[in-house]
Amino acid sequence: MISYPSKLVERAVEQLSTLPGIGRKTALRLALHLLSRPSADTEAFASALLQMRRDIVYCQRCHNISDTPLCSICSNPSRDDRLLCVVQHVGDVIAIENTGQYRGLYHVLGGVISPIDGIGPQDLTIEPLIARARAGEVDEIILALGTTMEGETTNFFIYRSLEATPVKVSVLSRGVAIGDEIEYADEVTLGRSILGRTDFEQAIRF
């Protein structure tokens with residue numbers, strides 16, 4: 001049990017320890033570090049977090065985070081707007097962009113189908129994705145979800161929902177190991193998986 005010299009420090013530690021991978025000891029070190037910095041630095045840190053939380057919006061087209069109604073990727077005329085990569089979270093967009101191997105657009109689902117967690121297709125942005133396909137906006141959709149059971153279930157649901165459309169559906173090649181999350185795959189492996197993507201119908205035969 002950590003003994004705190006101040007209730008204000010304890011409150012800061014409690015909030016910092018809610019972050020992923022941050023235990024109470026690490027949170028205490030971070031709080032004391034922020035306390036030791038000049039007030040202007042700490043205020044700038046807090047201000048950046050508050051502004052991010054207050055002002056960030058979701059792209060009205062792909063649901064990626066953005067500073068404007070249409071994100072910088074969707075509004076970039078040099079991107080291939082006939083190619084669409086479907087991902088689970090915003091972090092996956094960042095990971096794929098860092099490979100430098102993909103020049104299409106994205107669609108962020110906001111999660112995967114997981115009945116055990118009470119998450120169904122209606123809780124994700126699947127309907128807008130299907131609408132984009134039915135409207136003839138894309139030629140190919142790459143399903144770039146994690147290779148977990150939930151990710152594969154979501155892949156199959158989307159594939160079946162697109163069967164009546166002429167859109168080609170592909171998946172990442174198996175450079176990404178079974179059970180991996182896209183956000184944490186290394187850039188070289190992820191880049192090769194995108195370039196070596198395979199037709200979804202062929203993939204489900206194996």
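The values are calculated or read from the model by the stated rules, or taken from the named source; none is laboratory data. Keep in mind that what you see is a predicted model, and the values were worked out from it rather than measured. In this analysis, Cβ positions are derived from the backbone assuming ideal geometry, glycine residues included, and neighbour counts consider all displayed protein chains.
Structure above, values below:
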{"read-out": "Residue pairs meeting the criteria (Cβ under 8 Å; at least 6 apart or on separate chains; first farther than 18 Å from F45 by Cα, in the stretch 1-22; second in a loop (DSSP other than H, G, I, E, B) and modelled with pLDDT under 95)", "value": "E10/Y4"}
{"read-out": "Within the stretch 114-145, tally of residues that are in a strand (DSSP E or B) and within 16 Å of R160 (Cα to Cα)", "value": "4"}
{"read-out": "Qualifying residues in the stretch 71-113 (those that are in contact with a Leu (Cβ under 9 Å, 6 or more places away or on another chain) and of a type in the set (S, T, Y)) - the one farthest from L162 (Cα to Cα)", "value": "T99"}
{"read-out": "Subset of the stretch 122-135 (residues that are free of Cβ contacts under 8 Å to residues at least 12 places away in the same chain and more than 21 Å from Y58 (Cα to Cα))", "value": "A135"}
{"read-out": "Only one of Y4, Y58 that is at pLDDT 95 or above and either touching a Cys at 6+ places or on another chain (Cβ under 6 Å) or surrounded by 13 or more Cβ atoms within 10 Å (Cβ to Cβ) (or both)", "value": "Y58"}
{"read-out": "Residue pairs meeting the criteria (Cβ under 7 Å; at least 6 apart or on separate chains; first farther than 15 Å from R197 by Cβ, in the stretch 86-98; second among the aromatic types (F, W, Y) and not in a helix (DSSP H, G or I))", "value": "V93/Y106"}
